Amino acid sequence: GDGKTKINVGSFTTMFYWGWTNVDIADLSAWASGNGYAYVRTDATKGLPFQTGTVDLLFMHHVLEHFDYAAGLNLLRELRRIVKRDGAMRIAVPDLKFLISKYEPIEEQDMWSSLSEFGEINDGCEQAPTDAMRLHSILQGSDHRAFYDRETLFHQLDQAGWVASEASFRSTKVERVKQILKETSEMSFGGVSLFVDAVPKLG
């Protein structure tokens, strides 16, 4: 580590070294200790076990959509509470606008559609015979409870006390986020991911 406090929120088994603390509700202690990761088990809906204004960097990759909008807003506010004034956060969620743009009902005799290329995202999408079923499986797969486009994510961040910035896969306009990209890994899922960076509102 480098002395900074860095939190990977909702890590599951995608954990990081370089001083990152990986946080998840699942019991991953054995996995983490067996692979040398720093890990804290916690239920984010009940608050995060970090003091106010003590965290430098936050990373949350395909996690926010597992909370409904109200709970997601509360989580973003909790992240705002723990972040330092000069801290930063990187978020990725499924991109609703992108997925809707790929929805193209096809004739029965056709064997291919735009959403067919995302079959590896989950079993439901791979096995679905129509685009409507594929879209449903992608959006609601793995217990997704909220859908985000750029406008909705920016709105939630603003309400939670963050200033949002457009980003893209492995690219950022925010200088503070460059360290996050250097020390973490991301998945774009063939363009399905919407990336947004955020810094705390001041004042």
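Given the condition in a loop (DSSP other than H, G, I, E, B), modelled with pLDDT of 95 or more and of a type in the set (S, T, N, Q), answer yes or no: does some residue in segment 71-87 qualify? Working first, answer last.
Let us first name the residues in segment 71-87 that are in a loop (DSSP other than H, G, I, E, B), namely none.
No.
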Any hit, segment 72-84, residues being under 22 Å from Arg170 (Cα atoms) and open to solvent by 30 Å² or more (accessible area, probe 1.4 Å) | no
Which residue pairs have Cβ atoms under 9 Å apart, sit 6 or more places apart or on different chains, and have a first residue in segment 157-182 that is more than 23 Å from Asn74 (Cβ to Cβ) and open to solvent by 20 Å² or more (accessible area, probe 1.4 Å) and a second that is at pLDDT below 95 and polar (S, T, N, Q)?
-> Ser168/Ser188; Phe169/Ser188; Phe169/Ser193; Arg170/Ser188
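Here is a check on your reading of the model: is Thr45 touching a residue at least 24 places away in the same chain (Cβ under 8 Å), under 30 Å from Asp149 (Cβ atoms), open to solvent by 30 Å² or more (accessible area, probe 1.4 Å) and touching a Phe, Trp or Tyr at 6+ places or on another chain (Cβ under 8 Å)? Even if it seems obvious, please write down each step before you answer.
Working: touching a residue at least 24 places away in the same chain (Cβ under 8 Å): yes; under 30 Å from Asp149 (Cβ atoms): yes; open to solvent by 30 Å² or more (accessible area, probe 1.4 Å): yes; touching a Phe, Trp or Tyr at 6+ places or on another chain (Cβ under 8 Å): yes.
Answer is yes for this residue.
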Residue count, segment 183-203 (criterion: open to solvent by 70 Å² or more (accessible area, probe 1.4 Å) and on the phi > 0 side of the Ramachandran plot) | 2
Checklist (1) buried (at least 19 other Cβ atoms within 10 Å of the Cβ); (2) part of a loop (DSSP other than H, G, I, E, B); (3) in contact with a helix residue (DSSP H, G or I) (Cβ under 7 Å, 6 or more places away or on another chain) applied to Ser11, failing item | (3)
Starting from segment 185-203, keep only residues that are within 30 Å of Arg81 (Cβ to Cβ) and at pLDDT 95 or above, then list their pairs with residues that are β-branched (Val, Ile, Thr) and surrounded by 12 or more Cβ atoms within 10 Å (Cβ to Cβ) whose Cβ atoms are within a distance under 6 Å, requiring at least 6 positions of separation or different chains.
-> Leu194/Val93; Val196/Ile91; Asp197/Thr172; Asp197/Val174; Asp197/Val177; Val199/Val163; Pro200/Val83; Lys201/Val163
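The values are calculated or read from the model by the stated rules, or taken from the named source; none is laboratory data. Nothing here was measured: the structure is a model prediction, and the numbers come from that model. Cβ coordinates were reconstructed from backbone atoms using ideal geometry, including for glycine residues, and neighbour counts include every protein chain displayed. These accessible areas exclude ligands, DNA and RNA; they are computed on the full protein's heavy atoms, side chains included. Shrake-Rupley method; radii C 1.70, N 1.55, O 1.52, S 1.80 Å.
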